[in-house]
Amino acid sequence: MSTPSIQLGDYIVIQRQKYTKLQKFGSLDTTATLGKETLELKSLLDQPYGSTFKMCVKETKPGKRGAQRQHALELCSETELRSTRELLGISSSGADNRDICDDGEAQALKPSDIEQLREECNGSSKIIEKLVENSKTFHARTEYSQEKYLRKKEKKYFEFVQIRQPTIRLMVDIFYRQDAEKIMGIRVDTLSQIISYSGVCGFGSYLLYESGTNGLLPAAMLNSIGAGTEGTLVHMHPGNVPQKQALLALKLPLEQQQRCVSVNLYSVLREFYQGGESKESDVPPTEPSEVETQEAQPETPTEEQPESIEPSTKKPKLDDNQNGSKGPLRWQLENKKAAALMHAKFDSLVLAAKEHPTNILEALLPLVKPSRPVVVFGTCKELLQETYMELKATGKVTGLHLTSNWLRTYQILPNRTHPEVNMSGNSGYLLTGYTLK
Amino acid sequence: MSTPSIQLGDYIVIQRQKYTKLQKFGSLDTTATLGKETLELKSLLDQPYGSTFKMCVKETKPGKRGAQRQHALELCSETELRSTRELLGISSSGADNRDICDDGEAQALKPSDIEQLREECNGSSKIIEKLVENSKTFHARTEYSQEKYLRKKEKKYFEFVQIRQPTIRLMVDIFYRQDAEKIMGIRVDTLSQIISYSGVCGFGSYLLYESGTNGLLPAAMLNSIGAGTEGTLVHMHPGNVPQKQALLALKLPLEQQQRCVSVNLYSVLREFYQGGESKESDVPPTEPSEVETQEAQPETPTEEQPESIEPSTKKPKLDDNQNGSKGPLRWQLENKKAAALMHAKFDSLVLAAKEHPTNILEALLPLVKPSRPVVVFGTCKELLQETYMELKATGKVTGLHLTSNWLRTYQILPNRTHPEVNMSGNSGYLLTGYTLK
Amino acid sequence: MSFLKPKTHIEKGDVVILYLSVSSMHAIEAVPEIVNKKGETIPHIFQTNYGSLKVENIIGVEYGSRVELSKGWAHVLQPTPELWTQTLPHRTQIIYTPDISMILHQLEVRPGAVVVESGTGSGSLSHYFLRALKPTGQLHTFDFHEARADQAREEFRRHGLSDFVTVYHRDVCNLGFTDDLDGKADAVFLDLPAPDLAVPHAFKALKLSGGRFCSFSPCIEQSQRCIQELTKLGFNEIVSMEVLQQESVIKTRTLPVIDLEFLKQPKSNDAPTNSEESKASKEVKKYLTSSNPQVLPGHTGFLTFATLPPNIPKA
Amino acid sequence: MSFLKPKTHIEKGDVVILYLSVSSMHAIEAVPEIVNKKGETIPHIFQTNYGSLKVENIIGVEYGSRVELSKGWAHVLQPTPELWTQTLPHRTQIIYTPDISMILHQLEVRPGAVVVESGTGSGSLSHYFLRALKPTGQLHTFDFHEARADQAREEFRRHGLSDFVTVYHRDVCNLGFTDDLDGKADAVFLDLPAPDLAVPHAFKALKLSGGRFCSFSPCIEQSQRCIQELTKLGFNEIVSMEVLQQESVIKTRTLPVIDLEFLKQPKSNDAPTNSEESKASKEVKKYLTSSNPQVLPGHTGFLTFATLPPNIPKA
């Protein structure tokens, strides 16, 4: 299996040190923005995923907050990536910081000097070398403090980016860091547990209702269903068109993509309850207006894609109608597919709703076979406590557990091992159980 | 300053390895129970606190769950306390446990053999030596596994106890471990923060309402007020007599004890509002009946002392009336003292109520000077959220914070460092703020 | 055979979870007869706290059904790796669902993946790997304890999972993961007392196109040494973390609301006072609330993850 | 002088907390005039996000009062060590109230205690020690950074705490806590990069009747070395812990309640359908709830506590 190469139309992950970003490589003219840097992506085409590129300054424009730089990207070799520390060959360091007076004047270079350096030197190591040379306190600092300083500067002036293929693992990190609310606050540990507790795998038929996670939840479930398997997913959502960014970014084989059926909650339930009446070619005249109505409802989350990541927001909508107006519309076919799976019942239910879950559970629980997992995600504990009591009272679900998580990352370095100073505060809550007959 | 010695009437802390227990040394005949062992305490008298004693078996009676042993205590020297491991001189150990089949038959000694050994050998090291000799797998175990085995056995057969003087630190550990509910679930970290946030110290006048913590909260506050200072504490409680065990155990100087005024909440509020009418010698005829009424109220927690720790439950009640029936009763004098302090207003308020806090806060907040801390402890988060909103709405308290804590202890041993496998789950919640004018 | 895929009815030979309560469940084999200690074939009667179950009676029953016990009832559930882990007799220290979920996520295990695991232990984690990688992937699991390897192999067979797993009895720290696996693995998982010794073998087993690595260690020193070794061999994206799950215990709490306002007024001399007080005291407020259990898992282990980047020469 | 004891009115020279909001407060000195950079005496005007305060106006005002700013208002509070810590310009890494509370508790600091602290740092922790041990105890605080020691000494003087504290400029790892303190301390607190070097000095400084010890270290290796040294010298009750405080952010959440029942019935052909749906969608439920802030403190430091038992010979 050779490493796949970067193609037009791909979503790519751009990594600069620890910073990662999801970007659509839509055309050869596509540029990506990393802070004040703009990157031209055209040289990525056909290069293997995992490659590292050097940012080469082409142009500097004055921007609102300092200079805005445009860069071309040049494929570079591993040997160029030696650590800045080695390049600089720093040796002398103080034993502790008792002699350091932080009077804010330790750096002799002025900001304007540094800006000029930046344009002159093509390479972060040179800039950092100059900064170190002009720092009055650097050599009096402890080794630890020197490293901290170098890391900080390296981060600012680091000129390499790596291009990686999107995976669920990379995307949940990006989404959660950029705007956790856009994925309903589903943290990595919680996502991993949704996959476990729901039992989603290469066999079986799965039901998901989510009210907007940039496609992360359906993507993670379809990823676990796998390519070339018999598993299927019905993905219900409250909006006009589903959020699918993460799903598209995975670039799954078509046969796998087609085993994810994305449908509007209202519309598919009507199809399910009343589908027998309106036969295949018999397009119910009210449906389109219903979709419109839902789009206008302010309470139900819409499918807004973050502009910065996916500029052509409305594209999936056009795709939806590409079958033309002759036969049944795509959403109608999907509704029929979903309704058939609903009648056959599901092997688990995952619910991640921005709405109150009670009514949704009431509608969807009967579609789940007995002895199957139910997983309800929420960020409001009080609400899930209530749902717990309600489910317990029905007697239809057993083994109920309400859980949340602590996730701590560690810095493990010789003589400097400790949990990271900051941690994420909210994992959300999972209510899990098993259906009964 | 020489080490104080153990006196009759003292509360003492008995420590056997990591197990600690609070015990009143009421008379020379007092015995203490540690699991299946009964200890005669008379030899403790006049020995310095911190001394270690050896448990010498005097008699073995058959009990409900195995033999019950009665021990005399013999003062012993530090040299007797060498580690069991050294005594046994264990050397050979396996590299890993691949060759161990745990078939439950690793120990050749039968339980009856062990029981007999126990009576024959006066000393845990001898018993453990025999157990090791008769274990088929001990020498095949890894060093780590051997140590674990020895620690487990040592714990069971360890024959030394140390007698320590009670402090807040030792008592909160004992109380929380024995029955956290009896101190309202106030964990060590939370107690430490109540002391900080309330600002209680050697200057000022403090107000506490608590509905039953074995005296731990008033003891901790009075401990922080200190001996030979000018600080005072009004300790309100809902019961007939206050819970004072921890307070008595501290054996504070009389002058310090007298700066803690313990009063019934209802009775002192009536005194405060209406005290002007009923003059000093004029005993209000209804008060005693009121006290009775409160005792009968099932909702208000009573002053029950845990029987195992303090058999003479009703003693403080007798003390209360020791002034005789001629002058005003002690509780009436305390009410007057408290009411005077209430009129002068307090330098902070600490509330740890089993009842709903709203009405209590409404009654007590006006007694606090402006710019003073308020600390409300509770175990029900929803309740404190509500209280937070109520306080915020009044505008009388600012800087409101609702907090809880994670407390993790670590095992730090060469090559075996990790957080302890179990941790306490509930710190309770603190709602803190500062009063405004 | 009840671990392969979702199924609706209990067949003879299935492992079935007999679910009595949150804290009490058992994994039983749905066979009508068993052989007792004396070598006699006798009817399979399973004893619970709520009486006995004649196991023959549950064959053919729909999963999720309620079944009668001699002194009560229970539910029969199809086993999942989660339920299996909870019912496992603790043959070795096992890893639980929160850590396992993170391991699967970070190792990017999905159908088709080739995963190397050491040690097999109780096979608890293996069941999760198998669920995630079947029907197109393969698990290679190693244990240095022969009886344990044999037991796991037999268990996978009975669970209908044999096609997707190879069990090895082998000391991987000294002998590696066999040459056959060189360059074959998408992911390697280590749960060993000295993971650093197995890191070079993991390096060899991972594909040339790169792969993911995880080591689970109870002690920080093991992680420290493992990370040193990983760094030396060119692994990157090295992160260590802990995942701790908290259960919420949900209950309704009733709090007395006390009235203190009446104390501002002198008592009237009549009886009403007492009844007034006790009436006030009887007012209560109810809260649906939750708290952690008194004792929580404070530590399970440190999870160290790393990436082997593509095209690192393997000497 | 506003740190000595609770007081009711602002006096000239007091440090006052100007409280604007939970996230915005300032410690200001209640003096009517200050000297500017040019050496001129000018009226003391304090600038805030809500406009300026003429500081002269707050002298004589009762603590807890609301004071007017040119574009809003604020409250004036008497400083406590907690508020002081929050308003401190971060001169060094400081320890916050949850750790400090545990330190005071475990060191059993109460009025009359003699406490040795190193390093002084910003003096934040010193203020807590002083509150707890005054008026009858004494704090001996050491820092190897001369400017910091001088600054702390001056600050304690201005805060009215000089009588209870001695500030030393001294490298305690190499030179110890001075012979004068041998056998004088009830408790020793270390916040040093190499606490193990100072443990023998702590041992000397503690009373012959025993005492308590604490070391605060960000990294686990520091604690490991410290514990080795403590064990060697005969300390017992050695425990290490972390305290992490979580703030709850309280808010009311409004959730839409959607109706799905109506979908079971065929739509009538009239307009009402739409209005029915939108009506159903407009039903909401409110929850008073709380969550952690997005980012929590994940680590402050490891607290290691130990007891020096009585009568250990100090040879």
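The numbers here are math on the coordinates, done by the rules we state, and not lab data. What you are looking at is a predicted structure, and each value in this text was computed from that prediction instead of being measured. We place every Cβ from the backbone using ideal geometry, glycine too, and count neighbours over all the protein chains shown.
Data overview
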| item | result |
| --- | --- |
| Local electrostatic count at C:LYS184 - Lys and Arg +1, Asp and Glu -1, tallied over other residues with Cβ under 11 Å | -2 |
| Positive minus negative residues near A:ALA363 (Lys, Arg vs Asp, Glu; Cβ under 12 Å) | -2 |
| Ranked packing of A:39-45, D:41-47, most packed first, by mean Cβ within 10 Å | A:39-45, D:41-47 |
| Cα-projected label distance for A:VAL57 with C:GLU154, points at 7 Å along beta-carbon direction, nm | 7.1 nm |
| At most 10 other Cβ within 10 Å, DSSP loop - GluC sites (Glu not before Pro), segment A:241-277 | A:GLU277 |
| Segment A:354-417-segment B:366-380 distance, computed between alpha-carbon centres (Å) | 36 Å |
| Shortest-first distances to equivalent copies, position B:LYS18, nm, label 7 Å out along Cβ | 3.4 |
| At R0 = 30 Å, FRET efficiency that the Cβ-Cβ distance of C:GLU29 and C:TYR96 yields, to 0.05 | 0.80 |
| Extent along principal axes [Cα atoms of segment A:325-437; Å; largest to smallest] | 68, 43, 24 |
| Per-residue [θ]222 nm for chain D (sum of -39500 (n - 2.57) over DSSP H runs n ≥ 4, rounded to 500) | -7500 deg cm²/dmol |
| Inter-label distance for D:ILE59 and B:LYS437, nm, one decimal - labels placed 7 Å from Cα along Cα-to-Cβ | 1.7 nm |
| Prolate/oblate/rounded label for segment C:11-113 (Cα gyration tensor, a/c 1.5) | prolate |
| FRET E, pair A:ASN415, A:GLN7, Förster distance 45 Å, beta-carbon r, rounded to 0.05 | 0.45 |
| Closest Cβ on chain C to the rotation axis that carries it onto D (distance rounded to whole Å) | C:ILE220, 3 |
| When each of B:LYS152/B:LYS182; C:LYS7/C:LYS134; D:LYS232/D:LYS314; C:LYS184/C:LYS314; B:LYS345/D:LYS5 is checked by Cα-Cα distance, pairs over 18 Å | B:LYS152/B:LYS182 |
| Calculated label separations, C:ASN49, copies of the chain, 7 Å along the beta-carbon direction, nm | 5.5 |
| Pseudo-label separations to other copies for D:THR166 - Cα-to-Cβ vector, 7 Å, nm | 7.5 |
| Estimated distance in nm for a label pair at D:SER52 and B:LEU329, the labels positioned 7 Å out from Cα along Cα-to-Cβ | 6.4 nm |
| At R0 = 45 Å, FRET efficiency that the Cβ-Cβ distance of C:GLU68 and C:ASP171 yields, to 0.05 | 0.35 |
| Pairwise centroid distance, computed over Cα atoms, of segment A:172-206 with segment B:206-243, Å | 50 Å |
| Shape call, chain D: gyration tensor on alpha carbons, a/c limit 1.5 | oblate |
| Within-9-Å neighbourhood charge of D:PHE142 [Cβ basis; K, R +1; D, E -1] | -2 |
